[in-house]
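One structure below.
The values are calculated or read from the model by the stated rules, or taken from the named source; none is laboratory data. Note that the coordinates shown come from a computational prediction; the quantities given were computed from them, not determined experimentally. Glycine also receives a Cβ, built like all others from the backbone with ideal geometry; neighbour counts cover every protein chain displayed. Heads up: the accessible areas ignore ligands, DNA and RNA and are worked out on the full protein's heavy atoms, side chains in. Shrake-Rupley method; radii C 1.70, N 1.55, O 1.52, S 1.80 Å.
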Amino acid sequence: MTNDDLPIGRRVARWRVRRSMTQQMLADRLRRSKSWVDKVERGVRALDRYSVIQELAHVLRVDPEVLLGQQRSTPAGTPDGVDDIRAALARYDTPQAPRQAPEELRRQVGYAWLSYQHAHYGQLVRVLPGLLDAAQAVRSPELLVQTYRVASSLLVKLDEADLGWLAADRAMSAAGDDPILAATAAISVGQALRAQDRDHLALAALLPAANRLLPPSSHDGDQEVCGTFGDQNCLKPLDHRGRGDHRVQGDRREWAVGGTLLLQAALAAAGCGEHRRADELTDRAAGIAASLRGYDDPHRSSFGPVAVELARVLVAAQRGDAAEALRRHSTVVRREGWRRLPAEHRGAYLVDAARAYLQVGDLRGAARALVDADSIAPAEVRCRPLARTLIADVARAQPTPAGVARLATVVGLTR
């Protein structure tokens, strides 16, 4: 039985297990009973209201269409509508759109991030102009930052790095004096600058943001953010005895953002040729990841031990150490945590891995990475100019690997 043939209750059960949730945990997040969840999963209770399916999809971090078994086709090429996003960013007056309630806008922003994390870029391009107008009208710093960030992330994907930088800069302005909002906006600034090959500027933006967010240590220079991996001082700021679980959870969220800033800084340092510094920053991020357990991810950082290992692969590839990069790559994609990363994160990484394989002349490895990326997040391969370039490079080989020959046809590179 294929996934499309499964009853919706079985799909709910499968995604619940993939999210490492018990029936009671799912019930608690839905504010329903465990019995209700059990009946849904067994098909005893029908899911015939789309609003309930949307609620389930939100908790399980999937699109409603995934639970409904509706597979979307992913057209090739950059989605139409980027000019509409540009126009929305160019409006400096308060939009005349009807003012929405903050909670409704928060739901829409959450759905935009969900679309991004599942690599539904065409859909996101269509909703972003209206979402930008709505966020500017509400003027909530948190929602403005989140909206500008998802816009920046998407624009960088679509090879509109200058426009992505503008959106990221707007996020920084909207963050104001809020340190955590400013830190999340700095992630977007760093990504946009790196996409423009301005790694020195990215490093200059990312490291101070990390230093402002993470507790200082006794080390000098960059060591201010954290000791090296294995330094137990990294764990002490999370040991809040007597301060309550809420404070600990808040610190974990901040540390996850700080760890993401360090990984972005490591990639920027590698792009600058500062390979030793890149390794040190990655080691410090690993120390933070090792101390985080069981936090939620409201800032969409996807930070954790697997994210650190993926960064190590890319840093090794930038350094020219292909053997280490490919060895680490083959190990990390077999880890359980790999499958828990958002589809966008995995697909984007595999496109980068394909580029690393090409650098060492391994066409089969590059082809395999591109085909895997297409199976996980088709838009990463079919909508991004970078992936199309890589497909073209692999397709020139004789004979062309079968999977890449198919992709070349899909994206219009062959006639």
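Pairs are defined by a Cβ separation below 6 Å, a sequence spacing of at least 6 or placement on different chains, a first member in region 270-286 that is without any contact (Cβ under 8 Å) to a residue 40 or more places away in the chain, and a second member that is part of a helix (DSSP H, G or I) and surrounded by fewer than 19 Cβ atoms within 10 Å (Cβ to Cβ); no pair meets this definition. Is there a residue in region 19-30 that is under 21 Å from A343 (Cα atoms), of a type outside the set (F, W, Y) and at pLDDT below 90? Yes, region 19-30 contains at least one residue that is under 21 Å from A343 (Cα atoms), of a type outside the set (F, W, Y) and at pLDDT below 90. Restricting attention to region 315-339, the residues that are of a type outside the set (A, V, I, L, M, F, W, C) and buried (at least 19 other Cβ atoms within 10 Å of the Cβ) total 3. Modelled with pLDDT of 90 or more and assigned to a helix (DSSP H, G or I), is that true of V52? No; evaluated as a whole, the condition is false for this residue. Counted as qualifying within region 126-197 are the helices (runs of 4 or more DSSP H) with 1 or more residues that are β-branched (V, I, T) and open to solvent by less than 10 Å² (accessible area, probe 1.4 Å), namely 141-157, 179-195.
Set side by side, the residues A192, A161, A183, A174 differ, and just one is hydrophobic (A, V, I, L, M, F, W, C) and touching a Pro at 6+ places or on another chain (Cβ under 6 Å), which is A174.
Residue count for region 85-125, restricted to those that are over 19 Å from K157 (Cβ atoms), outside any helix (DSSP H, G or I) and within 18 Å of the chain's Cα centre (by Cα): 0.
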